[in-house]
Structures are given as C-alpha cells and as structure tokens.
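K.L.:
Mind looking over this structure? Questions follow.
The values are calculated or read from the model by the stated rules, or taken from the named source; none is laboratory data. This is a predicted model, so every value here is computed, not measured. Positions of Cβ are backbone-derived with ideal geometry, glycine not excepted, and every protein chain shown enters the neighbour counts.
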Amino acid sequence: MRILTLASVRGSPGVTTAAVLLGAAIEGAVVVEGDLDGGVLAVRYGLGREPGLITFAAAAAETGEDWRPHAQEAGGVAVMVGPDAPAASAALWRTAGERITRRLLAADGVAVVDAGRVRMPRPIVTASDVLGLVVRPVAEQLVALTHLLPVLRPTVRGVLGIVLAGDGPYRAADIERTMEVPIIGSLPEDRPVAEALCHGGAPAGRLRRSRLARGALALARAVHGDRTLEELGS
C-alpha cells in the first residue's frame, strides 16, 4: 500500500479536510485517522467508532492486511476512523502504531493518512511514501516548520514536501528556496466548502467544482501521478 500522509506543524490549517478531498481524488484510497489529538470523522459524519483503526489493529495476522472490513464511508470516501479521545488515540498509536503501519504497507490501494500535528517522528509518518506538511504562508507556521524539518528529513523514507493552505504574505517560491523543500501543492481558502466538509454536510465528490477540491485534485496528481480520478467523485 502506498502511504500519503498529511500533517500540520502548528495551528489548524485544514489537514483533515485536505485528507478527505485527497482521498476522494484517488481511486482505491482510504483515509486513515492518525491524529494523536483524536479523530473527528466519526462525529462529523455520524459514523460508529467501529469498525476502524481499533479493529484493524486487532485483526488476526492472516486477515489483518485487508483494510476494507474496517472502513466506513464518509461523504463517499472510505475512512478508517480512529478514537476521538486524545488519550485513547495516543495509546492506540503508541501500542499498535508499528503493527498498523506494517499492515498498511502490506495491503493494496492507497492510504491517505491524516496525521494531525506532527511533534516527533513515529512509524506511520516515517514510513510514508509522501509526507505533505500543510502550512499557512504566515510567519508563525513557517518558523515552526524550520524547527521541525531537521527532525523529519533524516527519518522519512519517502518524499518530504510542503502543502500551502490559504493566503499569506510569503510567496511560494521564497518558501521553497528558504526551506529547501519542494512545494507539492496549494489549497486555496474556500470557507464554504471547508465548512460543508467540517459539518459532514456534503459528499466530497459533489464539491468537485470548488477551488479547494480542484486544489486537492492537483495535489493528488502531484503525489500520485496519473492514477488519480479525473473528476472528484467520478
């Protein structure tokens, strides 16, 4: 399984929304809630806490690589929900993080991991084929990024890139040159679409004409080549 991870370094730049839209843009993808602060998709979309990551982690070794029995549908996107309580989420990833990561790597398809805020490297992050750090182009988030990059560079096995979220005073070319990390995508500010997804009010596929969804589709093409869906939700 190919692992595409989105994470933030500070604040809430919209990682979960971006992960859902990215999952909608890639055929055969499942969104995996890996936020240590707790998952939100079960609440947003009225899903059960199981099946999900807990059942995936506990599955017998001979069947554990098949993620489909552990996925639910959120707005037309396959998701493996994580615990919503921070303590429970942190405990799951501390005790079963390596097992979850190994099983994802052995599975078929694409895992789009919502890793939440990255503080230190952990198995699901370091095993990523692509790690996209979602940041707003504002001073406080870029400063936080400069502190985190030296920690991540030697540990992530795949491509490390920046995903810009919204507008700010710093230009993409300047950020790329200063950080010495490629910008792999840009997600424009689109509050109506973001709010619709945050409240589970619209399937991701129906929002395909929005600027935000188009940005996610461009990101999908950048990180997954021509194996993306031509239209979100098609």
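K.L.:
Do we find that residue 126 is over 18 Å from residue 30 (Cα atoms), over 18 Å from the mean Cα position of the chain (by Cα) and polar (S, T, N, Q) in this structure?
P.N.:
no
K.L.:
Right, here's the next one. Can you give me the number of residues within region 144-171 that are assigned to a strand (DSSP E or B) and of a type in the set (Lys, Arg)?
P.N.:
Qualifying residue count for the region: 0.
K.L.:
Among the residues of region 11-18, is any surrounded by fewer than 18 Cβ atoms within 10 Å (Cβ to Cβ) and more than 17 Å from residue 130 (Cα to Cα)?
P.N.:
Yes: one or more hits.
K.L.:
Given the criteria among the hydrophobic types (A, V, I, L, M, F, W, C) and closer than 16 Å to residue 39 by Cβ, does residue 125 qualify?
P.N.:
Judged against the criteria, residue 125 is not a match.
K.L.:
Residues in region 114-128 that are hydroxyl-bearing (Ser, Thr, Tyr) and surrounded by fewer than 18 Cβ atoms within 10 Å (Cβ to Cβ): how many?
P.N.:
1
K.L.:
Moving to a separate point now. Among the residues in region 37-44, are any modelled with pLDDT of 95 or more, under 27 Å from residue 219 (Cα atoms), under 16 Å from the mean Cα position of the chain (by Cα) and surrounded by fewer than 17 Cβ atoms within 10 Å (Cβ to Cβ)?
P.N.:
The answer is yes, given that some residue of region 37-44 is modelled with pLDDT of 95 or more, under 27 Å from residue 219 (Cα atoms), under 16 Å from the mean Cα position of the chain (by Cα) and surrounded by fewer than 17 Cβ atoms within 10 Å (Cβ to Cβ).
K.L.:
Okay, moving on. Within the set of pairs 6+ apart or on separate chains, which have a first residue in region 1-18 that is within 18 Å of residue 196 (Cβ to Cβ), a second that is of a type in the set (S, T, N, Q) and surrounded by 24 or more Cβ atoms within 10 Å (Cβ to Cβ), and C-beta atoms under 8 Å apart?
P.N.:
Matching pairs, first to second residue: 15/8.
K.L.:
Which residues, taken from region 1-44, are in a loop (DSSP other than H, G, I, E, B) and of a type in the set (S, T, N, Q)?
P.N.:
12
K.L.:
Also: Please go through (1) of a type in the set (Asp, Glu); (2) modelled with pLDDT of 95 or more; (3) part of a loop (DSSP other than H, G, I, E, B) for residue 174 and return the number of the only condition it doesn't satisfy.
P.N.:
It fails just one condition, (3).
K.L.:
Could you tell me whether residue 110 is more than 19 Å from residue 126 (Cα to Cα) and either among the basic types (Lys, Arg) or buried (at least 21 other Cβ atoms within 10 Å of the Cβ) (or both)?
P.N.:
Judged against the criteria, residue 110 is not a match.
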